[in-house]
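The values are calculated or read from the model by the stated rules, or taken from the named source; none is laboratory data. This structure is a prediction, so every number in the text was calculated from the model and none was measured. Because the Cβ atoms are built from the backbone with ideal geometry, glycine has one as well, and the counts that use them run over all protein chains shown. Note: areas computed on protein heavy atoms with side chains; ligands, DNA, RNA excluded. Shrake-Rupley method; radii C 1.70, N 1.55, O 1.52, S 1.80 Å.
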Amino acid sequence: MAVKSEYYQKLVLNGTVEDLIDLLDQVGNDNTITEDEREWVENSIHRRLSMFKGTPVRIVNIESGVEEEPPQTVYDEFGGSSIYKGEIFIYGLKWKMYVPSIKFRETQINYWYYNEKVASILSDVLLPVIPGKFRGYFNYPPWLLGTSYAPHTYYIPTDSLISLAIERHVIDDWNSLVVKGIPEKLVERYRSRNLGNSL
């Protein structure tokens, strides 16, 4: 295992759920490691995240007393463009996690976390600065923005959109999102990423 992989492994072992989510993004965009190293670290993160998910659900039929399989929920894979990877609980909310399908792997975005409530708030608050004023912007995986699935728009990271909204006086400040219902820790994450990108 290379030195960089060892560095990531230490972060994985000591990270909170939020840290691990950030780390997935960091590893996915790290051009200094090989594909094998990236895959190894991502698998380690997923194994660690699975420890936070709790115990599996058991369903027992009341009449027969026989254990049954839980009902399978069909998840939207956005026309085959995305692969559903499960649910995770962070920032006090449940999120669906997706990765791009093989035909969209060229994108620089490797993971997308979706929460309907957060998407709805961001869509309402940030609409004036969303490219093409596309109402579904936060309901589509970022790798679909600007394609035939979501034409007349393109992807801008959420932290950059928030910063632009503040600059154009669409919202007063970062705290405006907390007032609207976005979890404070998530807003702080967006804010810290924006400061990191501007340096």
Next on the checklist: Please determine whether any residue of region 51-73 is of a type in the set (Ser, Thr, Tyr), open to solvent by less than 100 Å² (accessible area, probe 1.4 Å), at pLDDT below 90 and farther than 22 Å from THR158 by Cβ.
Outcome noted: yes
Checklist outcome for this item: Checked region 176-195 for anything at positive phi and open to solvent by 100 Å² or more (accessible area, probe 1.4 Å); matches are none
Item to check | Every pair of residues 6+ apart whose Cβ atoms lie under 7 Å, when the first sits in region 75-103 and is not assigned by the TED database to the domain that holds GLU188 while the second is outside any strand (DSSP E or B) | outcome: none
Next on the checklist: Quick test for you: out of ILE162, ILE156, ILE121, pick the one residue that is more than 16 Å from ASN194 (Cα to Cα), touching a residue at least 12 places away in the same chain (Cβ under 8 Å) and among the β-branched types (Val, Ile, Thr).
Outcome noted: ILE121
Checklist entry - Looking at region 144-151, is at least one residue open to solvent by 30 Å² or more (accessible area, probe 1.4 Å) and touching a helix residue (DSSP H, G or I) at 6+ places or on another chain (Cβ under 6 Å)? => result no
Checklist entry - Could you count how many residues in region 131-143 are surrounded by fewer than 21 Cβ atoms within 10 Å (Cβ to Cβ) and either in contact (Cβ under 8 Å) with a residue 60 or more places away in the chain or assigned to a loop (DSSP other than H, G, I, E, B) (or both)? => result 3
